[in-house]
Every structure is written in C-alpha cells, then in structure tokens.
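The values are calculated or read from the model by the stated rules, or taken from the named source; none is laboratory data. None of these values were measured; they are calculated from a predicted model. Glycine gets a Cβ as well: all are built from the backbone with ideal geometry, and neighbour counts include every protein chain shown.
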Amino acid sequence: MSMSRRQFVGRAAAGVITTAALSASAADPLPPSSGGAGPLIVSTWPFGKASNDAALKILRAGGSLLDAVERGIWVTESDVTNQSVGLAGTPNAAGVVQLDACIMYGPGHKAGSVAALEGIRHPISAARRVMEKTKHVMLVGEGARMFALEQGLESLPGNSREAYDNWMKKHPAPAANVPPPGPDNHDTIALLILGADGTIAGGCSTSGMGNKLPGRVGDSPILGSGLYVDNEVGAAGATGVGENVMRYCASFMIVEFMRQGMHPQEACRQVIQRIAKMDPKPVDQLSINFVALDKKGRFGAAGTDHGFKYSVTTEAKSEVLSNPGLG
C-alpha cells in the first residue's frame, strides 16, 4: 500500500519511522568513515563497484582525480548490459538514445555538462571537455554532439534504432506511454571521489528515463540536482526519477546540510524528508536516492527505492552496501 505524504510526515513526527527512516538509530547505524589515508570512492548502484574499482586503479597509477572520475564512469557507459547508462541505454519515444552527463572538480569550483547528446560513446568525456576547453558550463543537443566530434571523442553511427526495436520486442507498448518509475527503466551512475589530499570531484552519467519524450533532460546533467561538489564540504549525487530530484536542487541541499555538520547519510535522509513534505506524490512513488561523502572521509546514502544499493571503495576494500527504502 502506498504511504501518503501526510502519513509519512505524521510517522516522522511521532518518531516511529523504521530502519528505513530518516534518522539514525541503533538498528540503523551510520556508516563508518573511510578510515585512514587514501582515496574514498562512492557511487550509486551495484554496477558502480566496477566503476569505483577502475577509478581506484587510475589513482594508484598516478592519474588525476578527474581522470579517475572520467575513466571510472567509462566502465558503466561501456557496459552493453546496462540499459540506463551509455549508448546501450533504453531509447526515447522516438527510438533515439539521448545521453546526459556532468562532471565537477572541487578546486576552482569547475564544472561541465552535456544533455540530450546523441551518438557519443562517452558523454562524461564530453562534459569534461566542456569544463576544460570552453568558457561554458553546459552544451545540449546537436551543439553538444558537434563539439564532442570536434574534440575527437568516439562516436557511433546511427541513432540506436536497432537497440530500440529490440527493446520494444521485450516491452510492447505505445511509444508515448512512459513506463512507471522503477530500477528497470531508469538509473544513473553518480560517482564521487575524495582524494588522499582532500580534493573532491564527481561525475554523473545516464541515458535517462526509458521511452522519455525526445529532448527530455533529467537531473543528471544539472549541477546541484544530479551532482554537486563543494571542495570545502563534500559531494552528493542522485539517481532515480530526475523530475523529483531537480525540482528541489537535492544534491546541493545535501551538501549544505553537511556544511552544517550533518553526517552524509543523515544529510541524504533530511533531504528526502524535506522533499516528502512538499511533494504531492506518495513517498514510495518518488524514486529518489542519494549518495554523499564529506571532507572528513565519512559517507552515506538514503533512498525511497527499497532495492537501492550503493558502492564504496577504499584502499582497504571495495563493497556494495544496502540501504533500505522507506517502509
């Protein structure tokens, strides 16, 4: 049964929220800090672990933090089994895969972003080029594609119509019928890194909601929504239904809560609580999930999707952690 916003807020006020709730308890302890020197890498979903591991390998080889973010996300963008990130993602209602990505670098508060990008294998690389090679922050559509090609980024011919046709055989439905929220039709790789020297960077990449209207852009390439990095405080990333994240500038709000001293996990939960009080949809239909880390090496996550998991990697270990949804 769906929980109404009134029911959710009432339970929160009464202090009877379960282990999936918004405040920590003995049954739901805060995650530990990364513990010791070395990088901390946090990303969304179990598929993020492979990206984390690739990012750590780059850092161990002497690569920069931005190299680690970019190459780490490459792994997920190249995964042909992943239908929510990269050119293997589920096409839009016109049968075209349109990609969104952004990247942020703490020092200098630098950022780059691309949206509705077609035919480019690694949108995260296009976002980095926007940040490093132009005076702009965001490029979209055909302009973003032309820029990526001018930068020599790898492209693929066609508009993935074949991928769309194959998808439609498994999911027969009118082209304009957008599927309901769920992990099967929209996910995102949001990857955050705290370097050994305290520098913070992050990236985000997605193919967006399956069967979306052409030109639809979610939260992933929007700074302060899908991703936000503040080198003095920490970073946060999002995954889920982009419309329900971007209307609240959620990742920016998480970082601001951490600025006030909140643990990253509690900051994620407080943002969900804030959104739940304002959004008219039942909480279990919001599909908003967040990961965060701070300058102290602490990390955490929270989400409304019961199956939401996140990946954490340090020099000591790399693992997938569960975070219960709101029950």
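Please go through (1) over 30 Å from Ala93 (Cβ atoms); (2) in a loop (DSSP other than H, G, I, E, B) for Met209 and return the number of the only condition it doesn't satisfy.
Result: Met209 passes all but (1).
Do the conditions hold for Pro214, that is, is it modelled with pLDDT under 50 and in a loop (DSSP other than H, G, I, E, B)?
no
Quick one: in segment 114-165, which of the residues that are modelled with pLDDT of 95 or more and of a type in the set (Ser, Thr, Tyr) is nearest to the chain's Cα centre (by Cα)?
The qualifying residue nearest to the chain's Cα centre (by Cα) is Ser125.
Condition first: closer than 16 Å to Thr304 by Cβ, buried (at least 23 other Cβ atoms within 10 Å of the Cβ) and under 13 Å from the mean Cα position of the chain (by Cα). Now tell me which residues in segment 227-256 satisfy that.
Ala236, Gly237, Ala238, Thr239, Gly240, Val241, Gly242, Val245, Ala250, Ser251
Among the residues that make up segment 242-249, is at least one of them closer than 18 Å to Val312 by Cα, at pLDDT 95 or above and outside any loop (DSSP other than H, G, I, E, B)?
no
For segment 269-307, give me the residue count where each residue is in contact with a Ser or Thr (Cβ under 8 Å, 6 or more places away or on another chain) and in a loop (DSSP other than H, G, I, E, B).
7
Okay, residues lined up against (1) part of a loop (DSSP other than H, G, I, E, B); (2) of a type outside the set (A, V, I, L, M):
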site	(1), (2)
Asn52	no, yes
Leu56	no, no
Ala68	no, no
Ile73	no, no
Val97	yes, no
Lys135	yes, yes
Gly143	no, yes
Phe147	no, yes
Gly152	yes, yes
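Within segment 287-297, take every residue that is buried (at least 23 other Cβ atoms within 10 Å of the Cβ) and not acidic (Asp, Glu) and give me the one that is farthest from Trp45 (Cα to Cα).
So, considering only residues that are buried (at least 23 other Cβ atoms within 10 Å of the Cβ) and not acidic (Asp, Glu), the one farthest from Trp45 (Cα to Cα) is Leu293.
Only one of Glu256, Glu232 is assigned to a helix (DSSP H, G or I), over 24 Å from Asp187 (Cβ atoms) and at pLDDT 95 or above; which?
Glu256
Being free of Cβ contacts under 8 Å to residues at least 24 places away in the same chain, assigned to a loop (DSSP other than H, G, I, E, B) and more than 15 Å from the chain's Cα centre (by Cα) is true for just one of Thr90, Thr81. Which residue is that?
Thr81
So Thr81 passes all but one of these: (1) of a type outside the set (A, V, I, L, M, F, W, C); (2) in contact with a helix residue (DSSP H, G or I) (Cβ under 9 Å, 6 or more places away or on another chain); (3) surrounded by fewer than 24 Cβ atoms within 10 Å (Cβ to Cβ). Which condition number does it fail?
(2)
For the list (1) in contact with a strand residue (DSSP E or B) (Cβ under 9 Å, 6 or more places away or on another chain); (2) surrounded by fewer than 20 Cβ atoms within 10 Å (Cβ to Cβ); (3) touching a residue at least 60 places away in the same chain (Cβ under 8 Å); (4) at negative phi, I need the number of the one condition that Ala115 fails.
It is condition (2) that Ala115 fails.
As an exercise: evaluate Ser311 against (1) of a type in the set (S, T, N, Q); (2) part of a strand (DSSP E or B); (3) over 19 Å from Ala55 (Cβ atoms) and give the number of the one condition it does not meet.
(3)
Find all pairs meeting these conditions: Cβ atoms under 9 angstrom apart; at least six residues apart or on different chains; first residue within segment 41-59 and more than 18 Å from Leu227 (Cα to Cα); second residue assigned to a strand (DSSP E or B) and of a type in the set (Lys, Arg).
Pro46/Lys309
Would it be correct to say that Gly48 is at positive phi and either touching a Ser or Thr at 6+ places or on another chain (Cβ under 9 Å) or at pLDDT below 95 (or both)?
no
Quick one: is Arg259 farther than 18 Å from Leu286 by Cβ, surrounded by fewer than 24 Cβ atoms within 10 Å (Cβ to Cβ) and over 15 Å from the mean Cα position of the chain (by Cα)?
Taking the combined requirement at face value, the residue satisfies it.
Could you please find all residues in segment 100-113 being touching a helix residue (DSSP H, G or I) at 6+ places or on another chain (Cβ under 8 Å), of a type outside the set (Lys, Arg) and either modelled with pLDDT under 95 or more than 18 Å from Ser51 (Cβ to Cβ) (or both)?
Within segment 100-113, Ala111, Gly112, Ser113 meet the criteria.
Any residue that is closer than 22 Å to Thr239 by Cα, at pLDDT 90 or above and among the β-branched types (Val, Ile, Thr) - is there at least one of those in segment 167-179?
There is no residue in segment 167-179 that is closer than 22 Å to Thr239 by Cα, at pLDDT 90 or above and among the β-branched types (Val, Ile, Thr).
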